[in-house]
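Trainee: If you scroll down you'll find the structure; I have some questions about it.
The values are calculated or read from the model by the stated rules, or taken from the named source; none is laboratory data. This is a predicted model, so every value here is computed, not measured. Ideal geometry is used to build each Cβ from the backbone, glycine not excepted, and the neighbour counts take in all protein chains shown. To get the accessible areas, we keep the full protein, side chains included, count just its heavy atoms, and leave off ligands, DNA and RNA. Shrake-Rupley method; radii C 1.70, N 1.55, O 1.52, S 1.80 Å.
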Amino acid sequence: MKSTSITLFLLVFFSFLTKGQRSLVEVWPESDTTTTFYTVKGERSGISYFKKHQFEEVEYVPKETLTFDKFHTPDVIYHWYKKWADQYPDLIDFYEVARSFEGRPIYQMTLTNKKTGKDTDKPAAFFEGVRHSGEITSSESVLWLTKYLIENYGKDPQVTELIDTKTIYLRPVNNPDGVNMYMHTAQRNRSTTRPDDNDGDGLFDEDPEEDLDGDGVIYQMRKKAVGDELKRANYVIDDRDATGQLMKRVPEGEGEYLVYTEGIDNDKDGRYNEDGIGGLDLHRNYPENWRPEPGMDATGRGYTQRGAGPFPLSEIETRSVVLWLLSHPNVSVVNSMDTSVPMHLRPPSTSKSAESMFPEDLAIYKHMDSLGLSFTGYPWAGDVYETYATRNVGGAGDPPKPNPLFGHGPDFGYFYYGAIWYGDELWNGGRHEDLNGDGEIDAYDGYLWDQQHNGGRGYKPWTKFMHPDLGEVEIGGAHPKFFSQNAPPSVLEKWAKNQALFNLAMALELPQLQFDDVVVKALANNEYEVTVSWTNTGKLPVALEQAKLVKIVQEDRVILEMDRKLLSGGDEAAVVIASPETRDKTIYAGYTGAGESKTASFKVQLKQQQPVKATVKLLSTRGGYLEREITIGN
């Protein structure tokens, strides 16, 4: 009886534990089929739940074949990454690097031939997408590159050599919280979903956008200004567009319309949708040249940066990138991509290039600018501070001038990490060519391209709507998700592919040290000279000048390693490494430039008759790790 009671108790106890474990398995709102609402985590002053919506432009369930005629949710992307990892275990590791603000896994892939060495023993590149929630063309480019490399390994000699000798790290989705909300609701935000007080009123996320007409998309609202509203009116209908669809911004007080994003003034402060879900900017949260949020500068006279967060690396999504890269200094090339300028975007972000970059490094970056343009044809390539800030001329307001961005990824990448680091922007809002022949490529050309080549899907005709506060308005304008911010599916693959090919081209230029020869030469008195020669066959040096300055990359070093017992005993040791004379017996060879060859020599004296087995090791932080077995003595 006692035995039966114990058995029953154990059965109940373990049943309870099992149920408890099952309850700990989180069902994320994007996967929860029991509700039609999507709930965002975090304590905020506004609502945290939104009606679910699925877009025809997005693939929510993986197909048999991966194609790029639709965007892919994180779950679909991870499906393919897991599948490839199972299919090619000798090439791929797929793993979690961090957990997002809401607790979702942030996944990454390491792609290299494991049979030819560890990933950390090889020169490397790192490519990342979806730092900003809605800039999903970037993740498609990472996914396209991943597919291309895997499918062409063993077929394309260039790709095969790349995977055999280098490492490619791929993080397609760095911000899973934001992108899942973006793809499963009408909502959109800049970066993380962590609640933030965007408008400085002490409330958090209290005034999000609303899908007033229930079509699943948050468009714009335009209201014909009357009375005192005319003092603020800053839009007119573009007179080049006979349909009245396109709006043009003008100086305040010179317009006929007020334009808002779709929604209501939830906090009754006279502004619309100014404090939605989240609001911090993961691309202003890096430690290099970080500045506090507006209102946090005690003097009121210093530089501030909206979206910077409470302190550098306050957001796990940014922190996970920085800490991971600092623990992987073998990475020489990074592209952490956004949308939608389009531009090859690089440092500096707070000064002119010539003012703050080493000339040798700037020359390499300018080469990469040209290399990128050869694949993408983007209208711009250059630094953030000057080229990006002054790229647009004309329009309302003062002429553009250089302007700093603080806490920016490319600045961390160069000034702190000493690497080639781009934050490229994909997609152009349809501004492909000068379709109306006025000598400019602008929003009207984008509108014409949409009508001629995209079936008009990029714009919604303005439709009357009775707004609860504003009265009669019209809802319409450009599709915010699949035209303004991202490429329409009809041209998605072109944009993803061209950007991916530039990233591949940068990876193909990684530094690569290779042994030329290791020669053992007999001298007098049982001494031997071991001469090691090597070449950097890559097109990049093993260290930029900035990397040397900040000591992120060590000098290339050569070590002669053998059984430590042979070296012990001082003058009575069986083997004495006479040169170099330093205690660590390491040859510090400086930094091997692109195409440069170097030589280093050891002198070894044997005090025994038997030959000695030794290993020559060449250690380069970003040029790779090499070793070769040798025999010293007859």
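Trainee: I'd like to check something: does the range 354-375 contain any residue that is of a type in the set (S, T, Y), open to solvent by less than 10 Å² (accessible area, probe 1.4 Å) and out of contact with any Gly (no Cβ under 6 Å at 6 or more places or on another chain)? So that I can check it myself, show each step before the final result.
Mentor: Narrowing the range 354-375 to residues of a type in the set (S, T, Y): 356, 365, 370, 374.
Those still in the list that are open to solvent by less than 10 Å² (accessible area, probe 1.4 Å) too: 365.
Keeping just the survivors that are out of contact with any Gly (no Cβ under 6 Å at 6 or more places or on another chain) gives 365.
The answer is yes, given that some residue of the range 354-375 is of a type in the set (S, T, Y), open to solvent by less than 10 Å² (accessible area, probe 1.4 Å) and out of contact with any Gly (no Cβ under 6 Å at 6 or more places or on another chain).
Trainee: Would you please list the contacts, defined by Cβ atoms under 9 Å and residues six or more apart or on different chains, that run from a residue in the range 102-116 that is assigned by the TED database to the domain that holds L162 to a residue that is open to solvent by 10 Å² or more (accessible area, probe 1.4 Å) and at pLDDT below 95?
Mentor: From the range 102-116, the pairs are G103/E26; R104/E26.
Trainee: Is it the case that the range 263-278 has a residue that's open to solvent by less than 20 Å² (accessible area, probe 1.4 Å), touching a Phe, Trp or Tyr at 6+ places or on another chain (Cβ under 9 Å) and not in a loop (DSSP other than H, G, I, E, B)?
Mentor: Yes, that holds for at least one residue.
Trainee: If you check T586, T615, which single one turns out to be open to solvent by less than 60 Å² (accessible area, probe 1.4 Å), out of contact with any Phe, Trp or Tyr (no Cβ under 8 Å at 6 or more places or on another chain) and under 27 Å from A419 (Cα atoms)? Give the steps one after another, and end with the answer.
Mentor: On the way: T615 fails: under 27 Å from A419 (Cα atoms).
Going through T586, T615 in turn, just one is open to solvent by less than 60 Å² (accessible area, probe 1.4 Å), out of contact with any Phe, Trp or Tyr (no Cβ under 8 Å at 6 or more places or on another chain) and under 27 Å from A419 (Cα atoms): T586.
Trainee: Then there is this: Would you tally the residues in the range 524-556 being farther than 19 Å from V333 by Cβ and assigned to a strand (DSSP E or B)?
Mentor: Here the count works out to 9.
Trainee: Related question: Taking E555, is it open to solvent by less than 60 Å² (accessible area, probe 1.4 Å), of a type in the set (D, E, K, R), in contact (Cβ under 8 Å) with a residue 12 or more places away in the chain and not assigned by the TED database to the domain that holds A124? Quick ask: steps written out before the conclusion?
Mentor: On the way: open to solvent by less than 60 Å² (accessible area, probe 1.4 Å): no; of a type in the set (D, E, K, R): yes; in contact (Cβ under 8 Å) with a residue 12 or more places away in the chain: yes; not assigned by the TED database to the domain that holds A124: yes.
No, not satisfied.
Trainee: Then there is this: Might you let me know whether the range 32-52 holds any residue that is touching a Gly at 6+ places or on another chain (Cβ under 8 Å), open to solvent by 50 Å² or more (accessible area, probe 1.4 Å) and in a loop (DSSP other than H, G, I, E, B)?
Mentor: Yes: the range 32-52 contains one or more residues that are touching a Gly at 6+ places or on another chain (Cβ under 8 Å), open to solvent by 50 Å² or more (accessible area, probe 1.4 Å) and in a loop (DSSP other than H, G, I, E, B).
Trainee: Another question, then. Can you tell me which residue among L540, L549, L513, L544 is closer than 19 Å to Y414 by Cα, modelled with pLDDT of 95 or more and in contact with a Gly (Cβ under 6 Å, 6 or more places away or on another chain)?
Mentor: Working: L540 fails: in contact with a Gly (Cβ under 6 Å, 6 or more places away or on another chain); L549 fails: in contact with a Gly (Cβ under 6 Å, 6 or more places away or on another chain); L513 fails: closer than 19 Å to Y414 by Cα.
The conditions single out L544.
Trainee: G456 passes all but one of (1) small (G, A, S); (2) outside the structural domain of L373 (by the TED database); (3) in contact (Cβ under 8 Å) with a residue 24 or more places away in the chain; (4) on the phi > 0 side of the Ramachandran plot; which number fails?
Mentor: Failing condition for G456: (3).
Trainee: Now, a different point. Go through the range 197-245 and count every residue that is surrounded by fewer than 19 Cβ atoms within 10 Å (Cβ to Cβ), within 22 Å of Y447 (Cα to Cα), modelled with pLDDT of 95 or more and among the hydrophobic types (A, V, I, L, M, F, W, C).
Mentor: Selection size over the range 197-245: 3.
Trainee: Go through the range 444-484 and give me each residue that's open to solvent by 40 Å² or more (accessible area, probe 1.4 Å) and either closer than 21 Å to H184 by Cα or among the small types (G, A, S) (or both).
Mentor: Residues satisfying the conditions are G455, R457, S484.
Trainee: Restricting attention to the range 71-113, report how many residues are surrounded by fewer than 17 Cβ atoms within 10 Å (Cβ to Cβ) and assigned to a loop (DSSP other than H, G, I, E, B).
Mentor: 4
Trainee: OK, next. Suppose we filter the range 563-605 for residues that are aliphatic (A, V, I, L, M) and either assigned to a loop (DSSP other than H, G, I, E, B) or touching an Asp or Glu at 6+ places or on another chain (Cβ under 8 Å) (or both); how many remain? Write out each step before concluding.
Mentor: Applying the first criterion (aliphatic (A, V, I, L, M)) to the range 563-605 yields 566-567, 573-578, 587, 589, 594, 600, 604.
Still in the list and also either assigned to a loop (DSSP other than H, G, I, E, B) or touching an Asp or Glu at 6+ places or on another chain (Cβ under 8 Å) (or both): 573-574, 578, 589, 594, 604.
Of the residues in that region, 6 qualify.
Trainee: Considering only the range 234-270, state which residues are among the charged types (D, E, K, R) and closer than 30 Å to N174 by Cβ. Steps first, please.
Mentor: As a first pass, look at the range 234-270 and keep what is among the charged types (D, E, K, R): 238-241, 248-249, 252, 254, 256, 262, 265, 267-269.
The one that is among the charged types (D, E, K, R) and closer than 30 Å to N174 by Cβ: E262.
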